[in-house]
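Novice: The structure is given below, and queries will be raised subsequently.
The values are calculated or read from the model by the stated rules, or taken from the named source; none is laboratory data. Here the structure is a predicted model, which is why all the values come from computation and not from measurement. When we count neighbours, we look across all protein chains shown, and the Cβ atoms used for this are built from the backbone with ideal geometry, even at glycine.
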Amino acid sequence: MNPLLAQVATKDAGSGAPIWQIAVVAGLSGLVTVATLALIFSFRRGGARPLGRAARATGRVVGVPGWAALPAMIALVGGAMALAGAEWDIALHIDEGRDDGPLGTAAHYPILFGLLILFVGGLLAVGLAPPEGPQASRAAIRIRGLWPIPASAAVMLVASATAFLAFPLDDLWHRVFGQDVTLWGPTHIMLIACAGLGTLSMILLLVEGARTIGVDTPRLRGVLGKLVPIPVLCAVIVLAVFTLEQDEFNFGVPQFRLVWHPVLIAVASSFAFVVARIWGGRGAALHAAVVAFVIFVPLTFFVSVVFGQTFHAQPLYLVTALAVEALAWRGTGRRPLAFGAATGVLAATVGLAAEYGWTHLLFRLPWTTNLLPEAVPAALLAAVAAGLLGALFAETITGANRRGPYPVALAALAGIVLIGVGAWAAQHDEVPAGATVEITVSDVRNEPTPGKSGVQPTGDVSVRFRGPDVTEDADWVRVLGWQGRGSFSNVFARQDDGTWRSTERVPVGGPWRTILNVNGRGTVLGAPVYMPADPAVGFAGFPLEATVTREIVPLEELAQIERKPDAPDWAWRPATWSVLGLNLLLAIGVGVAAVRIGRVRPEDDGEGPGGDPGTGLGTADVGPRETGERAVPA
């Protein structure tokens, strides 16, 4: 049998989900897709009147035509639901370990339904678009045999469909390679990134719809519009997606180099705050940081307190936002690119200095000075590139986009810098030959342990490293306990005799996987203290011993014991790069759609606002209302 097919056929616990779960998810998604398509085709033939009424009502609330308003609000609900579910799911994996498939944990349900709702929003964004008339998008893509498709709707549909497709692809990945219990598995990144891009496309859809009725920037009506203006909402979406991608660091169980954490924070804050400040004006960057903080705090509360999972911290972002507002006090209009670059510098210096202190207040793994020599230059390069991309995006979406090859070349250069920094941060040095550690566990007794595992054996742990020094310039030396129905982390203290000792008692029995973890420059290393056997994946375990010498290995070998050692190596890298390449293409697609929409100015429409605010078809049943600035549908 072909080696790849042999892996797919394997039926162990580290493989894919039960067939019945796949059938349920496929059946549900198929029914919803068919029903939505039937509704769309009925609507385009003059039927499905409740859909038209819903679009008109949403259009009145949102202030843009219904063909853009209804799908955008549906997508926003779906994206928010998927984000909340993903946060819960990450905590469950850290505390409980692997799952039993897409229906195996309660946290998967909000993700599944959120992604399905996001996909329905993408379908409706395409299906409700008017083919002609004053409310038809002038940025639409024309495909022979179809009605004109709004540029933002096309990207939104592809991104949301790809995000939902990540669910079955994740199961296929597990069948071939085993379960990679890490947030940064390729299909996990695909799900989060594509869902984020699909939700971000919702912002473009609102702008594209607003341009058809003579409005430059859409403004949500009522209290919601005042609390979260569209430029602020755009920045919050970016912050939320990047913060979710940082969760292995936020929860204190990273399987990757710590340098990623400051780089991701600097990139997120630089891009988001540049877009918010250029597009939204004075105070928008700080506004976005406050809204993000207000969202993250209750989400952390529900996951950690209501659901009883491991506590996790979130980046602060507020100090960077304040610095950006100070930088832009006199405005950003004349030199937006210089503002974007300067914001990147602030994010990688002032911002990271504040985050450094914040990690010492709340995070399980506070940053150390050993991190700074590589983190600051890497974050600086990445944040300046992100700031330039943010400035170009903001210029584009506000219609001030520059013509000619210059902005494309600058965007490409900034993208190459970001990819280069990421490729550098992803590199791991080899474990030094002969590196071992002598582990001593003393005073073992039963005590309550963190989480829900109850009373389990705990002990005091001390270690002495042998062979090459793997602790020189280390970011931390600590013991990590996880998947024990809770998680635990304790940074070791170095003693005068050269040993390292725990400062708290460590779980060393029951379901706990307790691992010595050393993160240095270029290395993410581990050695087992205690790990129970797991016959379901053929893992013999590492029993508790009073004193034992064990080999130091890459941390992922211990953290991802479900990975299949006999999986075909030739398929791993192409599959990984294919997923990352798809995310990159979708990000480019968002930029291209923004360029098309940005070239449409409200004053270009000689006919003025009109048409049905819900569908763009037929005669308006409600006339426009004057706002003092531009006409919007009543």
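Novice: Kindly provide the set of residues from region 431-451 that are of a type in the set (D, E, K, R) and in contact with a Gly (Cβ under 9 Å, 6 or more places away or on another chain), ordered by number.
Specialist: D443, R445
Novice: Oh, and also: Does region 208-225 contain at least one residue that is touching a residue at least 60 places away in the same chain (Cβ under 8 Å), assigned by TED's automatic domain parsing to the domain that holds A375, buried (at least 23 other Cβ atoms within 10 Å of the Cβ) and assigned to a helix (DSSP H, G or I)?
Specialist: No.
Results for (1) in contact with a Leu (Cβ under 6 Å, 6 or more places away or on another chain); (2) surrounded by fewer than 20 Cβ atoms within 10 Å (Cβ to Cβ); (3) closer than 30 Å to E557 by Cβ; (4) not hydroxyl-bearing (S, T, Y), shown as yes or no for each residue.
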{"position": "V228", "(1), (2), (3), (4)": "no, yes, no, yes"}
{"position": "I237", "(1), (2), (3), (4)": "yes, no, no, yes"}
{"position": "V263", "(1), (2), (3), (4)": "no, no, yes, yes"}
{"position": "V306", "(1), (2), (3), (4)": "no, yes, no, yes"}
{"position": "A321", "(1), (2), (3), (4)": "yes, no, no, yes"}
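Novice: Of all the strands (runs of 3 or more DSSP E) wholly in region 466-572, which have at least 1 residues that are hydroxyl-bearing (S, T, Y) and closer than 30 Å to A375 by Cβ?
Specialist: 488-491, 513-520, 523-530
Novice: Does I203 satisfy the condition of being within 18 Å of P71 (Cβ to Cβ), in a loop (DSSP other than H, G, I, E, B) and not assigned by TED's automatic domain parsing to the domain that holds S270?
Specialist: For I203, the condition - within 18 Å of P71 (Cβ to Cβ), in a loop (DSSP other than H, G, I, E, B) and not assigned by TED's automatic domain parsing to the domain that holds S270 - is not met.
Novice: Would you point out which residue out of V417, V431, V376 is in contact with a strand residue (DSSP E or B) (Cβ under 9 Å, 6 or more places away or on another chain) and aliphatic (A, V, I, L, M)?
Specialist: V431
Novice: Suppose we keep only residues that are free of Cβ contacts under 8 Å to residues at least 40 places away in the same chain, closer than 17 Å to E472 by Cα and not β-branched (V, I, T) within region 494-525. Which one would you say is surrounded by the most Cβ atoms within 10 Å (Cβ to Cβ)?
Specialist: Per the criteria, the residue is W500.
Novice: Next question, about the same structure. If we only count helices (runs of 4 or more DSSP H) wholly inside region 11-97, which ones have 1 or more residues that are within 28 Å of the chain's Cα centre (by Cα) and without any contact (Cβ under 8 Å) to a residue 60 or more places away in the chain?
Specialist: 19-44, 66-96
Each row is one residue, and each column tells you yes or no for (1) farther than 20 Å from I213 by Cβ; (2) in a helix (DSSP H, G or I).
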residue	(1), (2)
L103	yes, no
V126	no, yes
G133	no, no
A136	no, no
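Novice: Tell me yes or no: at least one residue of region 281-288 is over 22 Å from T349 (Cβ atoms), buried (at least 24 other Cβ atoms within 10 Å of the Cβ) and modelled with pLDDT under 95.
Specialist: Scanning region 281-288 turns up no residue that is over 22 Å from T349 (Cβ atoms), buried (at least 24 other Cβ atoms within 10 Å of the Cβ) and modelled with pLDDT under 95.
Novice: Continuing with this model, one more query. Restricting the search to region 541-571, which residues are exposed (fewer than 14 other Cβ atoms within 10 Å of the Cβ), farther than 23 Å from G467 by Cβ and of a type in the set (A, V, I, L, M, F, W, C)?
Specialist: W570
Novice: Being touching a strand residue (DSSP E or B) at 6+ places or on another chain (Cβ under 7 Å) and closer than 30 Å to Q427 by Cβ narrows it down to one residue among T514, T523, T499; which is it?
Specialist: T514
Novice: Please indicate, with yes or no, whether at least one residue in region 382-397 is at negative phi and free of Cβ contacts under 8 Å to residues at least 12 places away in the same chain.
Specialist: Looking for residues that are at negative phi and free of Cβ contacts under 8 Å to residues at least 12 places away in the same chain, one finds none in region 382-397, hence no.
Novice: Identify, please: which residue in region 140-180 is within 25 Å of I117 (Cβ to Cβ), assigned to a loop (DSSP other than H, G, I, E, B) and in contact (Cβ under 8 Å) with a residue 60 or more places away in the chain and is, among those, nearest to the chain's Cα centre (by Cα)?
Specialist: Among them, the one singled out is P150.
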